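To start, the structure itself, in structure tokens.
The values are calculated or read from the model by the stated rules, or taken from the named source; none is laboratory data. It should be emphasised that the depicted structure is a prediction, and the values quoted were computed from it without experimental measurement. Note: ideal-geometry Cβ built from the backbone for every residue, glycine included; neighbour counts use all protein chains shown.
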Amino acid sequence: MRITNVKSLATTRALLAVLTVFALLGAGCASSGAGSVPAGPSDEELVTQVINSSLAALQAKDIAKMMTAYAEDFASDQGDKAGMTEFLTTAASQGFLDGMTANVEALAVTVTGATAKATGVAVEGAFGALNLGFDLAKRDGQWIITGQTQQ
């Protein structure tokens, strides 16, 4: 009977030794970056997403959705956020946004700390053709449009 207990004890110790080795290997892999969670999108990618989603909403004539990406203290050639909202709503109701296209092939994003500039956005429609630039700020972890200019 004692021999069985010794075998059982030896088996248990061997199993613990193997589990310890696997645990240590796993810890080593985790600290070396293998199996770690991939990094999220860069600030440049997040700014690009804001610009693209805003342009998609504009093309869909969903001005309310577009303006959710705009800061309350937004400023542009069209005035503040309320002025831009009114301008775009009027343009949409008069058909100026019909068939509008946006080209972001030349989009260039420069991030400096919690601010960014996005340039090279070309839009075209019944209103003509414009090249736009955007100023953005990172607020509460989210990028938001704070300014817009015609280039």
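Each row is one residue, and each column tells you yes or no for (1) under 24 Å from residue 110 (Cβ atoms); (2) modelled with pLDDT under 95.
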| position | (1), (2) |
| --- | --- |
| 17 | no, yes |
| 21 | no, yes |
| 30 | no, yes |
| 33 | no, yes |
| 36 | no, yes |
| 40 | yes, yes |
| 45 | yes, no |
| 51 | yes, no |
| 56 | yes, no |
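Among strands (runs of 3 or more DSSP E) lying entirely in segment 55-151, which contain 3 or more residues that are under 18 Å from residue 42 (Cα atoms)? Correct list: 108-112, 115-125, 128-139, 142-150.
Looking at 77, 73, which one is more than 16 Å from the chain's Cα centre (by Cα), at pLDDT below 95 and not β-branched (Val, Ile, Thr)?
Just a single option satisfies the conditions, and that option is 77.
Taken over segment 87-107, the criterion of being loosely packed, with under 13 Cβ neighbours inside 10 Å and free of Cβ contacts under 8 Å to residues at least 40 places away in the same chain is satisfied by 90, 93, 94, 95, 98, 99, 105, 106. When segment 108-128 is filtered for residues that are modelled with pLDDT under 95 and either among the β-branched types (Val, Ile, Thr) or surrounded by fewer than 15 Cβ atoms within 10 Å (Cβ to Cβ) (or both), the ones remaining, listed by number, are 126, 127, 128.
In summary, residue 116 fulfils each of the numbered conditions (1) farther than 13 Å from residue 150 by Cβ; (2) without any contact (Cβ under 8 Å) to a residue 60 or more places away in the chain; (3) not polar (S, T, N, Q) with the single exception of condition (2).
Just one of (1) under 18 Å from residue 57 (Cα atoms); (2) in contact with a helix residue (DSSP H, G or I) (Cβ under 9 Å, 6 or more places away or on another chain) fails for residue 90. It is (2).
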